[in-house]
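Before any comments, here is the structure.
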Amino acid sequence: IDLHCRVLAEESFYARHTNHGLDQATVLLWAANAFPELPGAEAWSRVSQSRLHDEISFMFSPEGIHVENSPSYHVWMLGALEELLLISDELKRADFEWILNEGWEYAAYALQPNGRFPLVGDTESLDFSRVRAGRGYPGCQHYLYSATGGKAGKKPELVDGLFPVTGYAVFRDRWSY
């Protein structure tokens with residue numbers, strides 16, 4: 001574990017601004033938290049927190065949408081962010097929770113009535129209707145409404161979703177199911 005963390009902490013090994021970089025920083029944080037008795041744990045925690053802050057800031061647009069432009073990957077990354085906020089007080093203090101609200105809002109609009117996302121980017125034809133947003137933000141409640149066909153959550157006020165910074169526009173004829 002010590003050797004693994006020393007390698008992960010090396011700047012030359014770090015894959016900045018990639019999903020691998022996020023994973024590297026996450027594992028480094030987990031290990032630093034799980035094994036605080038290791039000589040480098042305190043430094044690994046600082047390095048991982050700094051990298052995670054940078055990765056999250058890079059990977060989500062000002063609209064809270066993952067920049068890879070794949071709706072299914074966007075949802076997976078929101079889940080990863082929720083987990084990171086559970087294990088990192090530093091990231092909680094950085095106030096990344098707005099991304100969860102805005103990101104789930106986008107997902108509510110992007111999710112089709114059949115529970116699948118449009119096949120944009122490398123999105124697979126998977127059923128996302130059971131993926132639940134874990135928080136009480138309006139965006140999470142709107143996603144829940146979209147995912148359950150209106151049986152739970154709260155109906156968004158607008159029928160169409162416009163996300164000009166990221167370049168998405170979602171048009172619906174109605175929300176009623």
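Taking the chain as the reference, fit the longest principal axis to its C-alpha atoms, fit the long axis of helix 138-147 to the helix C-alpha atoms, and give the angle between the two in degrees, 0 to 90, nearest 10.
Approximately 60 degrees, to the nearest 10.
Using only the heavy atoms of the protein chains and a 1.4 Å probe, how would 146, 50, 12 rank by accessible area, largest first?
12, 50, 146
Using DSSP to call loops (not H, G, I, E or B), can you name the GluC sites (Glu not before Pro) in the range 24-73 whose Cβ has at most 11 other Cβ atoms within 10 angstrom?
Answer by residue number: 37.
At 1.4 Å probe size, with no ligands or nucleic acids counted, give the accessible surface of residue 4 in Å², nearest ten.
Approximately 110 Å² for this residue.
In square angstrom, rounded to the nearest 10, how much accessible surface does residue 23 have for a 1.4 Å probe?
90 Å²
For helix 41-59, report the angle its Cα long axis makes with the longest principal axis of the Cα atoms of the chain; keep it between 0 and 90° and round to the nearest 10°.
Helix 41-59 and the main axis of the chain meet at about 30 degrees.
For the pair residue 154/residue 58, report the inter-label distance in nm, with labels modelled 7 Å from Cα in the Cβ direction.
3.5 nm
With a 1.4 Å probe and every protein chain left in place, work out the accessible area per residue of the range 3-43 in Å², rounded to a whole number.
Per-residue value: 60 Å².
On the Cα set of the range 36-97, report Rg and Dmax in Å, please.
Calculated on Cα positions, Rg and Dmax stand at 13.1, 41 Å.
Once you have all Cα-Cα distances for the range 1-54, histogram them in 5 Å bins from zero and send the whole-percent values.
4, 25, 38, 22, 9, 1
Please list, in chain and number order, the residues 5+ apart from residue 66 or on another chain whose amide H is under 5 Å from its amide H, with Hs placed from the backbone.
61
So if I restrict to the alpha-carbon atoms in the range 77-177, what is the Rg, and what is Dmax, the biggest pairwise distance, in Å?
When restricted to Cα atoms, the range 77-177 yields Rg and Dmax of 13.7, 42 Å.
Calculate, in whole percent, how much of the Cα-Cα pair population of the chain lies beyond 21 Å.
51 percent
Just need log10 I(q)/I(0) for the range 69-135 at q = 0.11, 0.19, 0.23, 0.24 Å⁻¹, Debye formula, equal scatterers on the alpha-carbon atoms, no solvent, rounded to two decimals.
-0.27, -0.72, -0.95, -1.01
The values are calculated or read from the model by the stated rules, or taken from the named source; none is laboratory data. The model shown is predicted, which means the values in this text are computed figures rather than measured ones. Glycine gets a Cβ as well: all are built from the backbone with ideal geometry, and neighbour counts include every protein chain shown. With ligands, DNA and RNA removed, areas are computed over all heavy atoms of the protein, side chains included. Shrake-Rupley method; radii C 1.70, N 1.55, O 1.52, S 1.80 Å.
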